[in-house]
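Below is one structure, written out as structure tokens, with a few remarks after it.
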Amino acid sequence: MPQLIISTVGTSLLTNQIDRDYDPSSWLERLNEAANYTVEEMEYYPDVQNILETLKQRVEDKLYNEDTEDDEIREISAELNGIYGIYEYTEKNPQDQHWLITTDTAQGKIAANIVERFLKLKLKGMTVEVYAPEELSTKSTGKFKRGIDQLLEQFQKTLPEFKRYGYEIKFNLVGGFKALQGYLNTIGMFYADEIIYIFEGANSEVIKIPRLPINIDETVIKPYTLEIALMVAGVEFNRSELGGIQEALIFEVDGEVILSNWGNLIWDQKKTELLSGELLTFPKLRYERSFVQDYQRVSDNKERAKLQETLAKVSKLLSQSKNGVQALKGDGGVQLETYKNTNIDHFRVNLSMRVSCKFVDGENLSLRHYGTHDHVERSEQV
């Protein structure tokens, strides 16, 4: 079975190369001061660049030295220690893929690129990629949260696909800084087949934590299904509009509330179940009897949920745009169009499914039919 191994990457790979008896005592201090500098910001600090280049060269001299044993390589890099540990109890597969998760900082990217280059040499044929979510750093809580949001979005889009193709997903959390490890540990409980740790110390064994069965109490979010569906679509709420929703599910920014990382994670696990029931009463949308009947004929819960996600997006575009018609026509996903020689419109749910509709009262959208191209066109006799 091929593996997707997701490794958090820190900067100890570099800082561990500082010789405290020989190198200037200011080196570590300067690196700490510049810990959150981006690649662009680092250009203004040539002294730190020189330190990093020296440390990078020291790492690579050791990694690529023919006399360096595997045990020494594992001591040089916590990230490689975890990966080497995984391959002690699993077979290497040419289809294995490695994602190296690091911060959006100069130091994080330098460290991750060192690991990437080394793995590409040692694991010929395997895909090795560095992923540094934009803004992910500890410079501020806001930046860190936005970076984690991007990481979550990437995982939500891609990891289920890897599972469908038969991949075993492992989170290697031996390296990386503690805040990132903490979040990845929680996320891993939802997506990883195993989470890998190795305690510090000579000859430490790999600690394998299997995926735990997590049962999410849907009553925590079910009363707020409508509001959460709209938040995911981009609608912001005032805190007072959300009543007793658990604080862990939301994040307040400048008086407006959005879904938190934890809220997104829980929603992603439960949305199909919550959105496959009765049609939600989205603002600006009206449901004709024929539309409700079409919806009730759908037996696939994922299809129902996808339709309601699209309705949330349509509702958001209508509610937050001065010209709702143009907003729907201009959206690349919805793509509102009018049937030729009629006053009936239709929009996309996906490439094959459509919703026919009419504007009423100048601002509300009345939904008429849902289904394939052919079904909707036959129903509308167009």
**Request:** Answer yes or no: is there a residue in region 177-191 that is touching a Phe, Trp or Tyr at 6+ places or on another chain (Cβ under 8 Å), under 27 Å from residue 75 (Cβ atoms) and buried (at least 21 other Cβ atoms within 10 Å of the Cβ).
**Result:** yes
**Complete:** Taking region 159-203 and keeping residues touching a helix residue (DSSP H, G or I) at 6+ places or on another chain (Cβ under 9 Å), small (Gly, Ala, Ser) and not in a loop (DSSP other than H, G, I, E, B) leaves 179
**Request:** Could you tell me whether residue 144 is assigned to a helix (DSSP H, G or I), out of contact with any strand residue (DSSP E or B) (no Cβ under 8 Å at 6 or more places or on another chain), in the same structural domain as residue 93 (by TED's automatic domain parsing) and free of Cβ contacts under 8 Å to residues at least 40 places away in the same chain?
**Result:** yes
**Asked** Only one of 198, 214, 207 is without any contact (Cβ under 8 Å) to a residue 12 or more places away in the chain and within 30 Å of residue 81 (Cβ to Cβ); which?
**Response** 207
**Asked** Taking region 327-346 as the search range and keeping residues that are in a helix (DSSP H, G or I) and of a type in the set (A, V, I, L, M, F, W, C), which one is nearest to residue 374 (Cα to Cα)?
**Response** 328
**Fill in**
When residue 289 is run through (1) basic (Lys, Arg); (2) surrounded by 18 or more Cβ atoms within 10 Å (Cβ to Cβ); (3) more than 27 Å from residue 220 (Cα to Cα), the failure sits at (2)
**Message:** Looking at the structure I just gave you, is residue 214 in a loop (DSSP other than H, G, I, E, B), in contact with an Asp or Glu (Cβ under 8 Å, 6 or more places away or on another chain) and under 30 Å from residue 277 (Cβ atoms)?
**Reply:** no
**Message:** Among the residues in region 52-68, are any more than 27 Å from residue 5 (Cβ to Cβ) and of a type in the set (A, V, I, L, M, F, W, C)?
**Reply:** no
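The values are calculated or read from the model by the stated rules, or taken from the named source; none is laboratory data. Treat the numbers as computed from the prediction; the structure is a model and nothing was measured. For neighbour counting, all protein chains shown are included, and Cβ atoms are generated from backbone atoms with ideal geometry for every residue, glycine included.
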